[in-house]
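The block underneath contains the structure these notes are about, expressed in structure tokens.
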Amino acid sequence: MKAASPALISLLASSDTFLMAELFTFTLINGEQYRWTTADIDLVYGGNTYKSGGSLINRGTIKNVIGVEVDTLALTLSPSPDDYIGNIRLSNAILNVGFFDGARVELRKVFLTDFASPPVGDLILFMGKVSDIVGTGTQIEISVKSKMETLNSQVPRNLYQASCINSVYDPMCQANKGAVTASGSISSGTTSSVSSNVYANDGYYNQGVLTFTSGANNGIKRTVKSYLGRVFTFALPLPSAPSAGDTFTVFPGCDNTMSTCANKFGNLIHFRGMPYIPVPETSI
């Protein structure tokens, strides 16, 4: 059962004529929030402004199940070339930069007597977390799952294994990302690899992340598949070929081994692997 305010109950009970609009709030993992509404005009509700999305967001079905099965919400985004987040086109921000990865989504339906007056009340239709994003620059399918999804988490969380169970730079790892982040510029490149002026041992930046800070790919991030002879090869292609002089920042990744933790990061005190425990198949 969904709770409604006395004002909303009164409106629904006293009139068959009212307006409805849906409000979408996307909360990114860094805490930033972006809000849209299906109304034809911007709406202010709860002290927040919801930007009119026009045909930007189309809501699919909401699947609610009694029991412990995960509820889901299907969203289709159709961004236009004029839709931006900051200085990045919305489609690139979602598909290439990963702005909405792991974002929390809240869907509300508000009721109004007319668009000149503030909403009378609302109902929360769905709350969840983005789980899957697929699509192209013109149509993006987003699957949102309810908090029940957390019940699928592995228990116990930590298992004995040879490699470190930390994620590099996370609060348990405590490696200093700023100390190993380098800035550089492109001398030449394609959508799959770039040559740069960054000097380091071959393999140093493997599994790291390179972020463009200027040029056609400004703001785009790519995982480094390999680093060899000042050439970065990416795991996924860039949307546009970079130009000579484009700038970037890059930091190395970690293969979660004890030697990498000690030699690359000097962080052995926080290593959480168990390389000396025999594997289960070891004969006694």
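Tabulated results
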quantity	calculated
For segment 111-116, Karplus couplings with θ = phi - 60° (6.51, -1.76, 1.60), whole Hz, Gly/Pro x	10, 9, 7, 6, 6, 7
Assigned charges on the beta-carbon of Lys, Arg, Asp, Glu; the chain dipole about Cα centre (debye)	600 debye
Mean ellipticity per residue at 222 nm, deg cm²/dmol - from DSSP H runs of n ≥ 4 across the chain, formula -39500 (n - 2.57)	-1500 deg cm²/dmol
All Cα pairs of the chain, percent lying beyond 34 Å	39 percent
Residue with peak Gaussian network fluctuation, the chain [Cα springs, cutoff 10 Å], from ALA13, ALA175, ALA235	ALA13
Calculated diffusion of segment 155-237, Stokes-Einstein form, Kirkwood radius summed over Cα pairs, 10 °C and 1.306 mPa s, µm²/s	110 µm²/s
Translational D in µm²/s for segment 70-158 (Stokes-Einstein at 37 °C, 0.692 mPa s, Kirkwood Rh from C-alpha pairs)	216 µm²/s
Dipole of the chain, positive end: most advanced residue of PRO156, PHE265, PHE234 [Cβ charges, Cα centre]	PHE265
Per residue, the convex hull volume that the Cα atoms of segment 220-276 enclose (Å³)	125 Å³
Length-normalised contact order of segment 96-236 in % [C-alpha pairs under 8 Å, at least 6 apart]	14 percent
At R0 = 35 Å, FRET efficiency that the Cβ-Cβ distance of TYR84 and ILE277 yields, to 0.05	0.10
Value of relative contact order over segment 209-284, rounded to a whole percent, pairs C-alpha under 8 Å and six or more apart	26 percent
Compactness of segment 177-284 - radius of gyration and Dmax, Cα, Å	16.7, 60
Dipole of the chain, positive direction: furthest Cα of ILE85, PHE99, ILE9, with charges on the beta-carbon	PHE99
Relative contact order computed over the chain (Cα-Cα under 8 Å; 6+ residues apart), in percent	15 percent
Magnitude of the charge dipole, segment 110-235, Cβ model with Lys/Arg +1 and Asp/Glu -1, debye to 20	420 debye
Scattering curve values for segment 1-129, log₁₀ I(q)/I(0), Debye with Cα scatterers, q = 0.11, 0.18 Å⁻¹	-0.44, -1.08
Which listed pairs, of LYS129/LYS264; LYS109/LYS221; LYS147/LYS225; LYS177/LYS221, have C-alpha distances above 26 Å, in listed order	LYS129/LYS264; LYS109/LYS221; LYS147/LYS225
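Just so you know, all these numbers are worked out from the coordinates, no wet-lab data involved. No experiment lies behind these values; they were computed from the predicted model shown. Reconstructed Cβ throughout: ideal geometry from the backbone, glycine too, with neighbour counts over all protein chains shown.
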